[in-house]
Every structure is written in structure tokens, then in C-alpha cells.
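Encoded as C-alpha cells, the structure appears first; notes follow it.
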Ligand SMILES: [Zn+2]
């Protein structure tokens, strides 16, 4: 006979999570081209398709940090500080720029969404104040996004 223990279920429901994930969304516009300089045009077009020519995107970058809410403020991280950190570490370098030419920390990187997300992660890690960088999502178009998690 199956016995259901209401106490057990009740206890589980009362267990408070210790960490909270907070996400800030920022946007930027940038141009890029996907190509490897050592490959000829044909191979670049085969691999990268239409993205082998110059074009741009309106990117959406979501940065999530985790931590315990400060008992005084109720915040894991002050969103103003998080916003400032993301703009300082990433957005001011890439907004309205050509990602292949204008951004020193992207030099030599094929600026796919995957590579951008990994490089942005490196730029942001350790810059999140009281929160810990936990997740980064970069939306390149309405159909494409990539995500990096710890
Ligand atoms: Zn593109």
C-alpha cells in the first residue's frame, strides 16, 4: 500500500533557496563578418553562408548573477551596479562598432555568437560586485541565441 507522508512534502516546500539568480538585459548594435582570412572565398561561403559578408545585428545580452540577498537591501546585487559593470566591461567596447576590426579584446576571434559569448564571459567574470556570474545569454537574432553557464 502506498503511503503518502504529508510531513515530507511540507518540509520540502518550506526549504528556502539560499541563492537567487538575477538577470540584467542590455542591447547593443554591431557589425561583423564571419570568415577565416586563411580560407578562400569559396570555403568561407561554404562554412559561414550569408554571414561571410559584412552585416550587422541588434544583439541582446542577458547577464545573470547569483548570490544571497543582502538582508538590509533585499538585493543580490544592485541592478544599477550590474548595469554599469556590463556596460563598462562589454557594451561600451562593442556598441556601434565593427567586431572584426574595432574591438581589441576580439582581435583574432571569429565573432560568432558562441565566441562572443565566451569572450564576454571572460570580460565580465569577477566584475559582478557582490554577485557571482552564473549565466550569460547572447541573442543574435530572433532565431539564434547562445548561452554560457558556470
Ligand atoms: Zn551575423
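The values are calculated or read from the model by the stated rules, or taken from the named source; none is laboratory data. Here the structure is a predicted model, which is why all the values come from computation and not from measurement. Glycine also receives a Cβ, built like all others from the backbone with ideal geometry; neighbour counts cover every protein chain displayed.
So here's what we get for this one:
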item	result
Hits in the range 65-80 (condition: in a strand (DSSP E or B) and surrounded by fewer than 21 Cβ atoms within 10 Å (Cβ to Cβ))	66, 67
Meets criteria (in a helix (DSSP H, G or I) and within 25 Å of residue 150 (Cβ to Cβ)) for residue 45	no
Residues (near the ligand (Cβ under 9 Å from one of its atoms) and surrounded by fewer than 16 Cβ atoms within 10 Å (Cβ to Cβ)) located in the range 48-63	50, 55, 56
Some residue of the range 93-106 being closer than 23 Å to residue 38 by Cα, modelled with pLDDT of 95 or more, surrounded by fewer than 17 Cβ atoms within 10 Å (Cβ to Cβ) and more than 16 Å from the ligand (Cβ to nearest atom)	yes
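Here is a yes/no grid of residues against (1) closer than 18 Å to residue 141 by Cβ; (2) in contact (Cβ under 8 Å) with a residue 40 or more places away in the chain:
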site	(1), (2)
22	no, yes
25	yes, no
34	yes, yes
59	yes, yes
78	no, yes
87	no, yes
99	yes, yes
106	no, no
117	yes, no
